[in-house]
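Participant: Input: one structure, supplied below.
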Amino acid sequence: MIGDLARREVMRGAAAGAALIAMPGGLLAQGAAGPSFPPIAPISRAEREARLARMQAELRRRNLSALLVEAGSSLVYFTGVDWWRSERTTAAVIPAEGPVLIVTPFFEEPSIREMLDVPGEVRVWQEDESPFALIAGWLKEKKLGAGTLAVEETVRFFIVDGVRRLLPGLKTVSGASAVNALRMIKSPAEIALLQRANDIMIAAYRATHGQVQAGMTGNDINAIMEGELKRFGGQRASSSAQVGPGSALPHGSKERLKLTEGTVVLMDCTCSMHGYVSDVSRTFVFGEPTAEQRRVFGHMRQGMNVAMDAAKVGAPAGSVDDAVRSYYEKLGYGPRYALPGLSHRTGHGIGLDVHEPVNLVHGETTPLAPGMCFSNEPGIYLPGKFGIRIEDCFTMTEQGPRFFTQPPSSLDKPFG
C-alpha cells in the first residue's frame, strides 16, 4: 500500500575533510581543486533486491504471472540496467516468483551483465532473430504462457504485440498501478540522492548568476549553467534559459533575445545524481525589477506557500492544484488555465524521471503519503510581457511537506 514503504526522512551527517560551506539542504566541501560535494553511494544491490521482492509480492497479490519492462527508468529501478531505447529490444520480465529474465542483443550482453544488479538470467538474440520469441519461449518454460502479463506503462506497442502474437493464450494488462505504487514512495536512500542533486543545482545557480552579463542570450547562460552543474558533480545536466517575453512561455521560445536592463530571465534546469533528478526553476531580472515584476513575483511566491499548506498527508494530490488555482483566481488570474495566470499543473512527481506519477493537478485523487516527491511550480505568465516561475521540489514526510531547496523570498535575492 502507498505510504507503508518509506516513512522517515533521511538524516544528513557532516562531511569530513576540507572546510565546509553551509548550503540549503546539504554541505559543500572546499578543496584544493575547487568546490565539490563529498561522495554519495548509489542505490545498493540489497535495496534493489528488496524492490523486486515487493514487486513480486504485488504481482502475486493481484494474481499476475509476470511484469514486462523495457529499457527506461523502471528497468533501472528494478534491475540497475541503465539502457536506452532503440529499435533493438532490451527488456526484462519479472515473474511473480524467481529470478528475472533480461533479453538483449548478443553484442550488448557484456554491457548488460556489467550493470545487472539483481539475480537474473540474460538471454540474447542475434540481428536476424526475434527478441519476442525469447520472451515467449521463456514464459512457456516457466508455464506462464497462458497467464496474465502485466505491462509497464511505457513499454512500446510493438514489443507487447510481438509477444502476444506468439502466445495467443497470454492475457496482457496494464502494470502501471502496481509499478507506480512502489516507485512513488521513495526510500531514505532515494531521498538522499534527490537531496544531493538539488544541492548541486542551487550551488550551480549561484555560481552562474554571478557570470551573467549584458548582451548574453539564453544559450550563453545555458552554457554557463551546464558547465557549473558538471563542475559541482551533476550528471546529465541540462539548462533552459528564456529571456524577455519568452519567459511567458512555460517551455520557452525559439527567439534568442539579448539581455538588457530590466529583462526577465526564467531558467529551468535539471541534473541527476546516480539517476535521481533535480528540477529547479529560478527567475531573475537583469538590473532593477519593475513594480509589476515584483508584484507578480510576490503573487507567485505566495502560490508556492499555498501549495505547501495544502500538501497534507492523506489529501488528494489534486487538492494542491485546486488550492493554488483558487488563490490565483481571487487575484484576477485565470480562471483555471486561462492566461494571464497559471497555464499548467502546479507540480509533478519526480525521482528517476523528471516527470513521473503522480501530478499535482485538478482531478488527481491519489492521496499524498510520506515518501512521495513533487515539484512545486505554480508559475504566472503574462503573454507578450514576461513570466515568473520559481520551482523547488519537496518530499512528503509524516509531518507534512519538506523542501529539498529553499525558494527565494524576493526578486532582489533571486537565489537566496
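Participant: Between a first residue in region 249-260 that is aliphatic (A, V, I, L, M) and a second residue that is open to solvent by 100 Å² or more (accessible area, probe 1.4 Å), which pairs have beta carbons less than 8 Å apart while being 6 or more apart in sequence or on different chains?
Facilitator: 259/213
Participant: If we keep just the residues of region 134-145 that are hydrophobic (A, V, I, L, M, F, W, C) and touching a helix residue (DSSP H, G or I) at 6+ places or on another chain (Cβ under 6 Å), which is surrounded by the fewest Cβ atoms within 10 Å (Cβ to Cβ)? First the steps, then the outcome.
Facilitator: Just the residues of region 134-145 that are hydrophobic (A, V, I, L, M, F, W, C), to begin with: 134-136, 138-139, 144.
Retained after the next criterion (residues that are touching a helix residue (DSSP H, G or I) at 6+ places or on another chain (Cβ under 6 Å)): 135-136.
Working: 135: 26, 136: 19.
Looking at residues that are hydrophobic (A, V, I, L, M, F, W, C) and touching a helix residue (DSSP H, G or I) at 6+ places or on another chain (Cβ under 6 Å), I get 136.
Participant: Kindly check whether there is at least one residue in region 383-391 that is hydrophobic (A, V, I, L, M, F, W, C) and part of a strand (DSSP E or B).
Facilitator: Scanning region 383-391, I find at least one residue that is hydrophobic (A, V, I, L, M, F, W, C) and part of a strand (DSSP E or B), so the answer is yes.
Participant: Do we find a residue being over 19 Å from residue 205 (Cα atoms), in a loop (DSSP other than H, G, I, E, B) and of a type in the set (A, V, I, L, M) anywhere in region 288-299?
Facilitator: Checked region 288-299: no residue is over 19 Å from residue 205 (Cα atoms), in a loop (DSSP other than H, G, I, E, B) and of a type in the set (A, V, I, L, M).
Participant: Next question. Just to verify a result, which residue in region 50-82, among those that are of a type in the set (S, T, N, Q) and either open to solvent by less than 10 Å² (accessible area, probe 1.4 Å) or within 22 Å of residue 275 (Cα to Cα) (or both), is farthest from the chain's Cα centre (by Cα)? Walk me through it before giving the result.
Facilitator: Here is the first cut: in region 50-82, the residues of a type in the set (S, T, N, Q) are 56, 63, 65, 73-74, 79.
Pick out the ones that are also either open to solvent by less than 10 Å² (accessible area, probe 1.4 Å) or within 22 Å of residue 275 (Cα to Cα) (or both) and you get 73-74, 79.
Working: 73: 10, 74: 12, 79: 18 Å.
So the residue we want is 79.
Every residue, every condition in (1) at pLDDT 95 or above; (2) over 19 Å from residue 88 (Cα atoms); (3) of a type in the set (A, V, I, L, M), yes or no:
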site	(1), (2), (3)
148	yes, yes, no
151	yes, no, yes
155	yes, no, yes
162	yes, no, no
165	yes, no, no
169	yes, yes, no
173	yes, yes, yes
176	yes, yes, yes
187	yes, yes, no
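Participant: Listed residues 345, 301, 325; which is touching a residue at least 24 places away in the same chain (Cβ under 8 Å), charged (D, E, K, R), within 28 Å of residue 402 (Cβ to Cβ) and touching a helix residue (DSSP H, G or I) at 6+ places or on another chain (Cβ under 8 Å)?
Facilitator: Values: 301 fails: touching a helix residue (DSSP H, G or I) at 6+ places or on another chain (Cβ under 8 Å); 325 fails: touching a helix residue (DSSP H, G or I) at 6+ places or on another chain (Cβ under 8 Å).
Just a single option satisfies the conditions, and that option is 345.
Participant: So, one more: Say we look at region 222-273 and pick out the residues that are among the basic types (Lys, Arg) and over 26 Å from residue 196 (Cα atoms); which of these is surrounded by the fewest Cβ atoms within 10 Å (Cβ to Cβ)? Let's see the steps before the verdict.
Facilitator: Of the residues in region 222-273, the ones among the basic types (Lys, Arg) are 230-231, 236, 254, 256, 258.
Checking the rest, the ones that are also over 26 Å from residue 196 (Cα atoms) come to 254, 256, 258.
Values: 254: 6, 256: 12, 258: 13.
By that ranking, first place goes to 254.
Participant: Evaluate the following for residue 114: is it among the acidic types (Asp, Glu), under 26 Å from the mean Cα position of the chain (by Cα) and surrounded by fewer than 18 Cβ atoms within 10 Å (Cβ to Cβ)?
Facilitator: On the way: among the acidic types (Asp, Glu): yes; under 26 Å from the mean Cα position of the chain (by Cα): yes; surrounded by fewer than 18 Cβ atoms within 10 Å (Cβ to Cβ): yes.
When the stated conditions are applied, residue 114 passes them.
The values are calculated or read from the model by the stated rules, or taken from the named source; none is laboratory data. The model shown is predicted, which means the values in this text are computed figures rather than measured ones. Note: ideal-geometry Cβ built from the backbone for every residue, glycine included; neighbour counts use all protein chains shown. Surface areas here come from the heavy atoms of the whole protein model, side chains and all, with no ligands, DNA or RNA. Shrake-Rupley method; radii C 1.70, N 1.55, O 1.52, S 1.80 Å.
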